[in-house]
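Let me begin by presenting the structure, written as structure tokens, before commenting on it.
Read the figures in this text as sums done on the coordinates, not as results from a lab. None of these values were measured; they are calculated from a predicted model. Methodologically, a virtual Cβ is constructed for each residue, glycine included, from the backbone with ideal geometry; neighbour enumeration extends over all protein chains shown.
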Amino acid sequence: MRAASTFFWRRPYWYLALLLVPPLLWFGTVYLGSLFALLAQSFYRIDDFTAQIVREPTLATYGQLVSQPANVDIVLRTVTMAIAVTVTCALIALPIATYMARYAAGRMKALFYVGVMLPMWTSYLVKVYAWRLLLAKEGIIAWFVGKLGLTGVLDALLATPAVGGPSLSSSYIGMFLVFVYMWLPFMILPMAAALERVPGSLLQASADLGARPSQTFRNVVLPLAVPGIAAGSVFTFSLTLGDYIIPSVVGAPGYFIGMMVYVQQGTAGNIPLAAAFSVVPIVLIFVYLSIAKRLGAFDAL
Amino acid sequence: MPSDRRYRGDRPSWLIRGGAFAGLAFMHIPVWVIILYAFTTEDRTYQFPPPGLTLRWFEAAFARSDIWQSLTLSLGVAACATVIALVLGTFAAFALARSTFRAKDVLTVMFVLPIALPGIITGIALLAAMKLGRIEPSFFTIVAGHATFCLVIVYNNVVARLRRLPSSWVEASMDLGADGSQTLRYVLLPQVATAFLAGGMLAFALSFDEIIVTIFTAGNQRTLPIWFFNELFRPRDRPITNVVAVIVIAVTLLPIVLAYYFTRPDDEHETAH
């Protein structure tokens, strides 16, 4: 044992290799191998007559993806939803993160951190299911709105063209609510982490120089929170782009990228088109990551 | 004790205070609602408030063999995936925590990819590979998918702890005459143990609850989340579904709470030793 440890201490690269080979073998074959398989599949095409996959490199599948207006609509719809969800999450998270990072102390601070972590780690599917119960026609939101005497307002909201629908559980408004709910903790935590790092002396200085609290917030705190917001937005954006369960459970009529991938590989059996569709969020996320990196998102993670 | 980030006269405006508490309530209400619904006597609609409360759905759920089968499968998958992830994730963390070599940045990015990219990418990629390699879905394909993102969780937990550990401790141990294996046993491992356990707990909870990747790798097998997913579109067994929801919450939250306890920054068993 001693001889072995001395051997590795003297030859750090042997030690590194011994440690790295097993995880790299696993990662290389299972994960990277699969990603390459995905990329390869996206350059195959499906034969229209035999419904068999033709294993010759071709751009036909990507051509199909780009040339059909319905497919372009799906991408635009998903990106619009991802942006709307990201902006809303940032707005809702701001007071929570500010309060837990700057004002709450002791037990209250612990309460807030646990209070954000618990719903975040509660089963994903159970939360989606809970929202189905909340949004249902005879569910809690309808009941509560009725108690407040605002049923007319809800109906008017649901009558809005494009985003409305027969009930909350089958409209884009409902889907938007569920997305915001699901990814909110992923925005709050990095934002709070960024705000925790704002030194108190800066705020003191700002106040001493005569800034009102709202001015301090706007000109000092907010700019320093940007890396945290950028880090959080990576999660909210990426998670919304790839999700296929929420759009299928909260049944608004239009397809999303994730649903399209799921349907194409499943009932349609068209793995090449599913693969090509899944390359879209990968590209979008890399573009988004490069923007977020400029805003300092990686220093805030 | 007031926090040091707070200066005199700096009080949260009602907007921030109100927004914070309202936001916290928004995050918690759906979870409490689902627990309430597990006890409702109404079995056809999602009527609120529930007309009455009962425990009979728990009895009905525990009598169902399909639920037991799914629960056993999910626990088995989570256990296997966690063990693989613990071994490989810890190896990777020890290798990458302090060393510097040329490919290190590439490897660090690679080890976060499975959680930075949406789960559906991992799922469809595994399926694409299985189709190309003509691999049939089995228990092992589910485990392989889960172990990949669980590995990332374990890696992140252990590597964070290793980086916080002052390098002077290792040097001191060596200066005092300990060899590499003694330093590992008496200095590194005790420090890393709680992060290792926490990583394992999180990995287990994550795997037990996973649906997005699992759908692609499971074929006809039904883990508990897949059972649950199918029920979402089949309203026949609503009361049973509500009960399973409560079971899933319990099984996932228990390890999470333990993991939180293990990694609290001002933890007693971190400062006491």
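Structure data summary
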read-out: Euclidean distance of C-alpha centroids, the range A:60-89 and the range A:106-125, integer Å; value: 33 Å
read-out: FRET efficiency, residue B:134 to residue A:32 (Cβ-Cβ, R0 25 Å, nearest 0.05); value: 0.80
read-out: Per DSSP, loop trypsin sites (Lys or Arg not before Pro) in the range A:51-102 with at most 16 further Cβ within 10 Å; value: A:55
read-out: Rg and Dmax [Cα atoms of the range A:51-207; Å; Rg one decimal, Dmax integer]; value: 21.5, 70
read-out: Sequence-distant residues sharing a close amide H with residue B:40 (under 5 Å, placed H); value: B:54
read-out: Amide H partners (placed H, <5 Å) of residue A:46, local residues excluded; value: A:54
read-out: Burial ranking of peptide ranges A:29-41, B:59-71 (average Cβ count within 10 Å, highest at the top); value: A:29-41, B:59-71
read-out: Calculated on alpha-carbon atoms, Rg and Dmax of the range A:201-286 in Å; value: 21.5, 67
read-out: Top positive-direction residue, dipole computed over chain A with Cβ charges, set A:284, A:257, A:44; value: A:284
read-out: Whole-number D in µm² s⁻¹ for the protein assembly as shown, Kirkwood Cα-pair radius fed into Stokes-Einstein, 4 °C, 1.567 mPa s; value: 50 µm²/s
read-out: Per-peptide average of other Cβ atoms within 10 Å, ordering A:237-248, A:14-25 highest first; value: A:237-248, A:14-25
read-out: Paramagnetic reach from residue A:40 (point 7 Å along Cα→Cβ, amide N under 15 Å) across the range B:114-132; value: B:125-132
read-out: The range A:69-300 - Kirkwood radius from inverse mean 1/r over Cα pairs (Å); value: 19.6 Å
read-out: Pairwise label distance in nanometres, residue B:17 with residue B:102, each label 7 Å out on the Cα-Cβ vector; value: 6.0 nm
read-out: Cα-projected label distance for residue B:83 with residue A:196, points at 7 Å along beta-carbon direction, nm; value: 3.5 nm
read-out: Pairs of lysines in the protein assembly as shown (C-alpha under 29 Å apart; 8 or more residues apart or interchain); value: 5
read-out: nm² value of the averaged projected area, convex hull over the Cα atoms of the range A:53-110; value: 7.5 nm²
read-out: Rounded FRET efficiency, nearest 0.05, which uses the C-beta distance separating residue B:181 from residue A:267 and R0 of 45 Å; value: 0.20
read-out: For the range B:65-271, the spread of Cα positions along each principal axis, largest first, Å; value: 68, 42, 24
read-out: Rounded Å value of the spacing that divides the Cα centres of the range A:182-249 and the range A:11-47; value: 35 Å
read-out: Spin-label proximity, residue A:13 to the range B:101-138 - amide N less than 17 Å from point 7 Å beyond Cα toward beta carbon; value: B:101-105
read-out: Kyte-Doolittle mean at least 0.5, axial Cα span of 24 Å or more - DSSP H helices of chain B; value: B:14-37, B:65-96, B:139-164, B:189-209, B:238-263
read-out: C-alpha center-to-center spacing [the range B:40-78, the range B:97-155] in angstrom; value: 33 Å
read-out: Two-site label geometry, residue B:68 and residue B:169: point separation in nm, points 7 Å out along Cα→Cβ; value: 4.7 nm
